[in-house]
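What follows is one structure encoded as structure tokens, with my remarks underneath.
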Amino acid sequence: MKILAIESSCDETAAAVVEDGRKVISSVVASQVEEHKLYGGVVPEIASRRHAEAIVPVVKSSLEQAELTLKEIDAIAVTYAPGLIGALLVGVNFAKGLSLSTGLPLVPTHHLRSHIASNYISNQELKPPFLCLVVSGGHSHIVMVEDYTKMRIIGKTRDDAAGEAFDKAARTMGMPYPGGIALDKVAENGDPFAFKLPRPTVSGSQYDFSFSGLKTAVINLIHNSAQKGIELNKADVCASFRYAVVDCLKTNFLKAAEDLKVEKLVIAGGVSANRLLRSSLQEECNKRGLAFYMPEKSLCGDNAAMVGSQGYYEYLSGNIASTDLNAFATMSIEL
Ligand code: KG4
Ligand code: ZN
């Protein structure tokens, strides 16, 4: 079964053709990041306008690269939640129009579920159940993936998402949006023990995260030093901050796996591209005899291939929308 998938939840307009949830026939991503960089973050109004301009050429090019016509497509999957509402609406309305004109079934797909599904492309043998750490710019969840379309939230952030904390810390150090990527690179040459940063916990919820205190601690460290005229070693600040964030993520994730007696661990979302998160979880899972899976780096960020993968399983579970489908800025991954 061939699915044409569409993604427009944030600042990437993407389309892909995916066969049977696992085989990517084509995948096109048009990023707006260069424009948003000028403002230090995504400007929702600009994002919607750029999606509106890019959606037709991006979808066309995904079909051309797949050497397929709409007649050879079996369903249309689209990200309908969560994300920037104006951005989501562009993809949803385009997919609705396409479904209406072709008669193809319309499959509404949850963005975070799609991030998890990027792993089905990168790890062909991977099947639920497994425990997944979903870390993106807007969310940080520990999710028990009981089946392809059955999920249970075990823990989540109480304030900032991990990606958001990375981006804000990076911005304070003058790195361009999205700073998480740059911070990760600079951290490679620094000492993770140079600065002592807190490891905030959430009382009464051992699997929940809190990154806002950690973010404030590093911002205060940078500002206080600047006021005193002390020049900090940027690589050491990045390395210490990255180490602290990864430590919080790893600790709760591994504790949840241990308590739930899960032996298959998976990571997903933009932050799953983080070098330290990938290497240290791999090492820890090897030590504990746990299976560990991660998406290839090109599938960690927003793309439509992952939407085509999750869309396939949503379709199989009977999740078909009618033409009154709407977009939602927030929606639980549990549905
Ligand atoms: O999943 P994603 O592409 O978009 C959302 O759904 O939010 O995640 C984007 C986030 C940004 O905050 C970005 O800085 C972060 O993922 N990110 C990273 C890395 N690559 C992307 N954070 C830390 N280390 C990285 N290597
Ligand atoms: Zn995303």
> Using a probe of 1.4 angstrom, how much of the accessible area of the stretch 1-125 is carbon and sulfur, in percent?
Replying inline: 55 percent
> Can you put 150, 168, 234 in order of accessible area, largest first, using a 1.4 Å probe?
Replying inline: 150, 234, 168
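Can you tell me the relative contact order of the stretch 1-124? Whole percent, Cα pairs under 8 Å, sequence separation 6 or more.
30 percent.
Sorted by accessible area (1.4 Å probe), largest first, how do 223, 110 line up?
Values: 223 90, 110 5 Å².
Greatest to least solvent exposure: 223, 110.
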> What are the ³J(HN,Hα) values, in whole Hz, obtained from phi via the Karplus relation 6.51 cos²θ - 1.76 cosθ + 1.60 with θ = phi - 60°, for each residue of the stretch 246-255 in sequence order, with x given for Gly and Pro?
Replying inline: 5, 4, 4, 4, 5, 4, 5, 5, 5, 5
>> Quick check on packing: order 1-7, 188-194 by the mean number of other C-beta atoms within 10 Å, highest mean leading.
In response: 1-7, 188-194
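Kindly report the accessible area of the chain per residue (heavy atoms of protein chains, probe 1.4 Å, no ligands, DNA or RNA), in Å². Could the numbers behind the result be given before it?
Values: 13980 Å² over 335 residues.
Dividing the accessible area of the chain by its residue count gives 42 Å².
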>> Name the residue from 39, 270, 290 whose Cα lies farthest towards the positive end of the charge dipole of the chain, charges +1 on Cβ of Lys and Arg and -1 on Cβ of Asp and Glu.
In response: 290
> When the chain is treated as a GNM, springs tying every alpha-carbon pair under 10 Å, which of 261, 185, 228 comes out with the largest mean-square fluctuation?
Replying inline: 228
> Packing-wise, with mean Cβ within 10 Å as the measure, how do 302-312, 33-43 rank, highest first?
Replying inline: 302-312, 33-43
> Whole-Hz Karplus ³J(HN,Hα) for the stretch 98-103, in order, using 6.51 cos²θ - 1.76 cosθ + 1.60 and θ = phi - 60°, x for Gly and Pro?
Replying inline: 5, 5, 5, 7, 9, x
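Calculate what fraction, in whole %, of the accessible area of the stretch 183-318 sits on carbon and sulfur atoms when a 1.4 Å probe is rolled over the protein chains. List each step's numbers first, then the result.
Working: 2980 of 6160 Å².
That fraction is 48 percent.
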>> Run the simple label-point estimate for residue 335 and residue 258 please: 7 Å along Cα→C-beta, distance reported in nm.
In response: 3.4 nm
>> Sequence gap at least 6, Cα distance under 8 Å: using those rules, report the relative contact order of the chain to the nearest whole percent.
In response: 26 percent
> Stretch residue 153-residue 251 to full length: gain in nm at 0.36 nm per residue minus the Cα-Cα span?
Replying inline: 33.6 nm
> Which whole-Hz ³J(HN,Hα) couplings does the stretch 132-140 yield from phi under the Karplus relation 6.51 cos²θ - 1.76 cosθ + 1.60, θ = phi - 60°, glycine and proline marked x?
Replying inline: 10, 9, 9, 10, 10, x, x, 9, 9
> Say we join alpha carbon atoms closer than 10 Å with springs in a Gaussian network model of the chain; which of 32, 227, 282 then has the biggest fluctuation?
Replying inline: 227
> Distance from the Cα centre of the stretch 307-335 to that of the stretch 182-223, in angstrom?
Replying inline: 35 Å
> Pick from 113, 199, 242: which residue has the top mean-square fluctuation in a GNM of the chain where Cα pairs under 10 Å get a spring?
Replying inline: 199
> Any idea how far apart residue 70 and residue 275 come out in nm if each label point goes 7 Å out from Cα toward Cβ?
Replying inline: 4.5 nm
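The values are calculated or read from the model by the stated rules, or taken from the named source; none is laboratory data. Here the structure is a predicted model, which is why all the values come from computation and not from measurement. Glycine gets a Cβ as well: all are built from the backbone with ideal geometry, and neighbour counts include every protein chain shown. SASA here: full protein model, heavy atoms, side chains in, ligands and nucleic acids out. Shrake-Rupley method; radii C 1.70, N 1.55, O 1.52, S 1.80 Å.
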